[in-house]
Amino acid sequence: MKEHFNAEIIYQYIIYFTLYSVFGWCYEVFLEVVVYHWGFTNRGVLFGPWCPVYGFGAMFFLLFLNPMLKDRTLKERLVRIPMIFFLSMVMATGLELLTSYFLELVTGAWPW
């Protein structure tokens, strides 16, 4: 049965986007400060402590890969894990590539 979008679901996705964007920013800053010892710089492309590329990546995963696991038996879920892993890899790489091209077009610099 197809799920209809209502206001509650849209609000959930907005919260997911925001949380994953903030967690992504925290992850980037943690790597920069603690792991690489480069010092603090704002890793986001916008104002505030968030990286939208992590939010959009989470949205793609939730919208396209989460339905593959819903209403399935444990055996069906285990069989789908390698496929979900491969699709996650392809989707994340594609998102990073498209975001890089977009930011290079808009800002004129290579973001990563």
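The values are calculated or read from the model by the stated rules, or taken from the named source; none is laboratory data. This structure is a prediction, so every number in the text was calculated from the model and none was measured. Here Cβ is always computed from backbone atoms with ideal geometry, including for glycine, and neighbour counts include all displayed protein chains.
If you go through the range 81-112 and keep only what is closer than 16 Å to Gly24 by Cβ and of a type in the set (Gly, Ala, Ser), you end up with Ser88, Ala92, Ser100.
Looking only at the range 77-112, filter to residues that are charged (D, E, K, R) and at pLDDT 85 or above; which one of those is farthest from Ile10 (Cα to Cα)? For the range 77-112, the residue satisfying everything is Glu104. Counting the residues of the range 33-55 that are closer than 23 Å to Glu104 by Cα, assigned to a helix (DSSP H, G or I) and without any contact (Cβ under 8 Å) to a residue 40 or more places away in the chain gives 3.
Looking across Gly94, Gly48, one residue alone is on the phi > 0 side of the Ramachandran plot and either loosely packed, with under 13 Cβ neighbours inside 10 Å or in contact with a strand residue (DSSP E or B) (Cβ under 9 Å, 6 or more places away or on another chain) (or both). It is Gly48.
Output yes when any residue across the range 18-34 is closer than 23 Å to Trp112 by Cβ and exposed (fewer than 11 other Cβ atoms within 10 Å of the Cβ), and no when none is. Yes - at least one qualifying residue is present in the range 18-34. Residue count for the range 73-106, restricted to those that are free of Cβ contacts under 8 Å to residues at least 40 places away in the same chain and over 16 Å from the mean Cα position of the chain (by Cα): 16. Being under 16 Å from the mean Cα position of the chain (by Cα) and at pLDDT below 90 is a property that Trp50 has.
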